[in-house]
Amino acid sequence: MVINDGIQLTITITLFVLSYIFYKINVSFCCFFILVAVFTTRNTPVNLAGMAIERYIAICKPFHHSQICTVRRTYIVIGLIWFISVAPDITDLFVTLATESLSFFHGSVFCLRQNVFKDPILAYKRKAFDIIYFSCVFLILMVTYLRIMLAARAVSTEKTSAQRARNTILLHGVQLAMCLLSYISPSVEIILHLIFPGRILEIRFANYLVVYILPRFLSPIIYGARDKKFRKYLIMYFLSKSCSDRLRQGPPQDKDSI
C-alpha cells in the first residue's frame, strides 16, 4: 500500500506540475499519467479490503493463519488486487483507440480524464464501477469489523490482539472515507467554480491537496504512531531536539543581573 501511494503521489504531482508549467501536454503522455493515477487510486480501497480480511483471519482463525496467509498466496493476492484495479479502466483506453483518430493522440490537451476519454458511455461505466467497488469494500470492512468485535467478546485471552485488529479495521474505514473524496471531488470542483468564477487554478490546487495529499499524508503518521518502537524513538527524537534547542539558547538571564 505504501508503494502504491508513493506511485500515486509521484504521478499526480508530476501531472499537476506539468499542467501548471505547460497547461496543455501531449495526449499520449496524458493517457499514461491518467491511467496510472486511476489504477493506483482504485487500488487503495481494494488494498484496504485485503488487509481487513487478513486481520479477520488472524483473529478469528488464528490456527489457520500461517497456512492461509503464506508468502506465495500473498503475491497471488497482490497480483489479483492489481488486476481488479486495472481491468475496469484499461477499457477506457481501448474504447478511445477505437473511436478517436490517430491525429488526436498527437495533439495536446489540458490533461483531465474527461478531455481524453470523452465517450459518454465511459462516464456511466466509471460511476457504475465506483459504486460497485466501494460497496464491496464497505461490506467487507463492516463484516470483518463485526466478526472481530464478536470474537473479542467471546475470547477473553486475546482481547488486546482483537482490540488492535478492531482499531485497524476502523482505521481502514477512515481511509475508505478519505478515498471517497476522490470520487466526489469533480462535483465539488464544479460547485466551487460556480461560486468562485475565475479561481479555477486555486480551486484545483486546494482540491488536490485535500483529496490526494492529505489522506496519503495521514496514513503513515497514524500507522507509525501506533507502532510502539516507532513511537518510542519519535518521542526520544523530539525530547533530544527540545533539549538541544534549549542548550543553544543558553541559560536564562536574570533581569536584576542585567
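From largest accessible area down, sort 2, 109; use a 1.4 Å probe on the protein chains.
Ranked from most to least accessible, the order is 2, 109.
Counting every Cα pair in the stretch 6-70, what percent are over 19 Å apart? In whole percent, the long-distance tail amounts to 52. Measuring with a 1.4 Å probe in the full set of protein chains, what accessible area per residue, in whole Å², belongs to the stretch 18-126? That works out to 56 Å² per residue. For the pair residue 9 and residue 143, label points projected 7 Å from Cα toward Cβ lie 3.3 nm apart. Were the residues from residue 118 through residue 63 laid out at 0.36 nm apart, the gain over their Cα-Cα distance would be 14.7 nm.
Which percent of the accessible area of the stretch 1-132 is formed by carbon and sulfur heavy atoms (probe 1.4 angstrom)?
Solvent-exposed carbon and sulfur of the stretch 1-132 make up 73 percent of the total.
The values are calculated or read from the model by the stated rules, or taken from the named source; none is laboratory data. Fair warning: this is a prediction, and the values are worked out from it, not measured in the lab. Methodologically, a virtual Cβ is constructed for each residue, glycine included, from the backbone with ideal geometry; neighbour enumeration extends over all protein chains shown. The area values use the complete protein model at the heavy-atom level, side chains included, leaving out ligands, DNA and RNA. Shrake-Rupley method; radii C 1.70, N 1.55, O 1.52, S 1.80 Å.
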